[in-house]
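This report concerns only the one structure given below.
The values are calculated or read from the model by the stated rules, or taken from the named source; none is laboratory data. Keep in mind that what you see is a predicted model, and the values were worked out from it rather than measured. Here the Cβ is made from the backbone with ideal geometry for all residues, glycine too, and neighbour counts use every protein chain on show.
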Amino acid sequence: MKARLLKMGVTLFLVAVLVVAGVLASHPGKSEAASKTIYNVVLQKGSTSLALASVNDGASAPSLGKNDGITFQMVIEGKAKTEKVKSTGGTASYYPVTLIAKSYRAPSQEYPMVGGGGTAVSQGLMAGDAKGKLYISGGDVDVSIVQGEKKQSIKIGDGKADPEGSLFVTLNMKNTLIVKETGKKLMDAPFLFYLTTAKSSLTVQNVKGGLNGKSLPDNDTTNTLPKPMVGEPVHLDAGTGTLVGATGSMNINNKMVGMLDYIVAQVWVMKITKQ
């Protein structure tokens, strides 16, 4: 039976400074005879994000965001493919998935300018179509990330195969911050997000400033994120699925506050309907 999958998202909150939006994913079942099937995805209540931000290497501060209301289209191919899985030593079967960038819609966020003088508007966008895999069997899609000062180290898989309907998607996102009254751009920050229906975590090591040693979801003091942070497989017949993910970026030039470091974790609760 072809499982079904759904999930994705990404919105990033950085106290009156930065918001990052995310994306989604899904999985189909054998009942899909067409070569490709298009699904409409709407993120539901419970879709949220938590960011920890450090300005000019100062102490870290939490910031909350909501992802509900984000919409996009997901295309699932009908012909399964196979691959060898390094983490388990086995073989997996999956359906290729594409999240369509031009269909992505996320509400903008508005904040008072730090120090006054207007309103900052933050908008998250997909920088291009996102590719993923919806697994029928054998997939191992747990994600752990170590964020350093200049780069990330990403490990995919924990050595155990995940259930049918497991989804993994990599997406390039971009967050812009402008002054509402003048249109002046304060920030244009790209970031790479890894979304999964399995377990996700991120730890910061060997960086300057207040984020060093921090981890998500472990250092969430707001009780926003599940601990551990685990999604739910995609079930296309039921139209459900939950994606989780984390990312980070160091030394972003933000003209409103200075140099910005952040890490963010996302939860995307999806409602999936066939177009």
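When the range 49-85 is filtered for residues that are part of a strand (DSSP E or B) and either charged (D, E, K, R) or more than 16 Å from Y262 (Cβ to Cβ) (or both), the ones remaining, listed by number, are K66, T71, F72, Q73, M74, V75, I76, E77, K81, T82, E83, K84. I'm trying to understand the selection: among the residues of the range 210-243, which are closer than 17 Å to A265 by Cα, among the aliphatic types (A, V, I, L, M) and surrounded by fewer than 21 Cβ atoms within 10 Å (Cβ to Cβ)? Within the range 210-243, V230 is the sole residue that qualifies. Among the residues of the range 178-198, the ones that are under 21 Å from Q147 (Cβ atoms) and either aliphatic (A, V, I, L, M) or buried (at least 17 other Cβ atoms within 10 Å of the Cβ) (or both) come to 9 in all.
One line per residue, one yes/no per condition, for (1) modelled with pLDDT of 95 or more; (2) of a type outside the set (F, W, Y); (3) surrounded by fewer than 16 Cβ atoms within 10 Å (Cβ to Cβ); (4) within 27 Å of K214 (Cα to Cα):
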residue	(1), (2), (3), (4)
D129	yes, yes, yes, no
S144	yes, yes, no, yes
K150	no, yes, yes, yes
S153	yes, yes, yes, yes
S166	yes, yes, no, no
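Considered as a group, the residues in the range 225-266 that are closer than 17 Å to F191 by Cα and of a type in the set (V, I, T) include one that is modelled with the lowest pLDDT, and that residue is I252.
Does T273 satisfy the criteria of being over 26 Å from G69 (Cβ atoms), exposed (fewer than 14 other Cβ atoms within 10 Å of the Cβ) and either hydroxyl-bearing (S, T, Y) or in contact with a Leu (Cβ under 7 Å, 6 or more places away or on another chain) (or both)? Here the answer is no, as T273 does not meet what is asked.
V23 - would you say it is modelled with pLDDT under 90, part of a strand (DSSP E or B) and either more than 11 Å from Y262 (Cβ to Cβ) or of a type outside the set (A, V, I, L, M) (or both)? Criteria met by V23. The single condition from (1) touching a residue at least 60 places away in the same chain (Cβ under 8 Å); (2) closer than 23 Å to P233 by Cα that L186 fails is (2). Looking only at residues of the range 173-196 that are among the polar types (S, T, N, Q) and touching a Phe, Trp or Tyr at 6+ places or on another chain (Cβ under 8 Å), we find that the one that is farthest from S87 (Cα to Cα) is N175. Taking the criterion of being more than 21 Å from G90 (Cβ to Cβ) and of a type in the set (G, A, S), the residues of the range 139-194 that qualify are G148, S153, G183, A189.
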